[in-house]
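Beneath this line is the structure, given in structure tokens, with notes to follow.
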Amino acid sequence: VALGLMAGVVVDTILTVGEWYVASFIRAQATTEENRLQRIQLAQVIKNLDQAYYRLQRTNADLVAAWKVAGEAERLKTEFATNISHELRTPLNLIAGFTEMMMTSPENYGDAPLPGAYRRDLSTIYRSTRHLLDLVDDVIDLARLDAGKLTISREDVDPSRLVQESVAMVRSYIEAKGLNFAVEIEPNLPILRMD
């Protein structure tokens with residue numbers, strides 16, 4: 001009976017060990033399969049990261065190239081604006097100087113005084129030339145602004161006078177077309193401080 005009992009315990013132990021072995025084997029196979037799938041996923045993630053890194057490097061290289069092209073374009077634009085502005089300034093200064101001299105010293109052109117219509121036309125030419133010179137200065141200022149070298153020059157400006165000067169520049173053009181041109185300026189406008 002003892003031998004039967006012992007045989008029963010041994011058989012039971014062998015069965016338990018067998019079940020444990022089979023269960024461990026199944027778990028090991030499942031873990032191995034899970035690890036294999038994770039390695040495949042990890043390899044795919046690494047491949048995707050490599051591709052993304054390569055695209056990032058290409059994008060960065062393209063960005064650097066574009067940055068250089070933009071910098072060169074900006075330099076050329078500033079150089080062009082400065083050169084054109086200076087080329088315009090010389091003839092405009094001559095026109096402004098001659099018209100001012102004709103208005104202030106008409107005796108240089110003969111003994112007869114300038115007729116009123118001529119004086120008005122010269123005044124319009126002078127104001128328009130000064131306006132163009134101011135626009136050229138604005139272009140130069142924009143180039144300086146882009147280069148970070150613009151200084152602000154504040155001054156007091158009478159808005160009534162500014163409107164009157166602007167009106168004087170265009171009045172003869174409008175009236176030459178046979179149109180009426182009327183301007184109403186509010187009295188006592190405050191002086192503005194501006195660049």
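Quick notes on this one:
- Straight-distance crosslink candidates among lysines, where the alpha carbon sits under 25 Å from Lys149 and sequence neighbours closer than 8 are dropped: Lys68, Lys77
- Residue among Glu107, Glu33, Glu155 with the largest mean-square fluctuation in a Gaussian network model of the chain, springs linking Cα atoms under 10 Å: Glu33
- Segment 130-195 and segment 112-127 have Cα centres spaced 21 Å apart.
- Using just its DSSP H runs of length 4 or more, each adding -39500 (n - 2.57), the chain gives a mean residue ellipticity at 222 nm of -29500 deg cm²/dmol after division by all residues.
- Computed accessible area, Leu94, all protein chains, 1.4 angstrom probe, square angstrom: 100 Å²
- Per residue, the chain exposes an accessible area of 81 Å² to a 1.4 Å probe, with every protein chain left in place.
- A simple count of charges around Met194, restricted to other residues whose Cβ falls under 9 Å of its Cβ and scoring Lys, Arg +1 and Asp, Glu -1, yields -1.
- Listed residues Asn83, Asn35, Asn180, most fluctuating in the chain (Gaussian network, C-alpha, under 10 Å): Asn35
The values are calculated or read from the model by the stated rules, or taken from the named source; none is laboratory data. This structure is a prediction, so every number in the text was calculated from the model and none was measured. Positions of Cβ are generated from backbone atoms using ideal geometry, with glycine treated the same way; all protein chains shown enter the neighbour counts. With ligands, DNA and RNA removed, areas are computed over all heavy atoms of the protein, side chains included. Shrake-Rupley method; radii C 1.70, N 1.55, O 1.52, S 1.80 Å.
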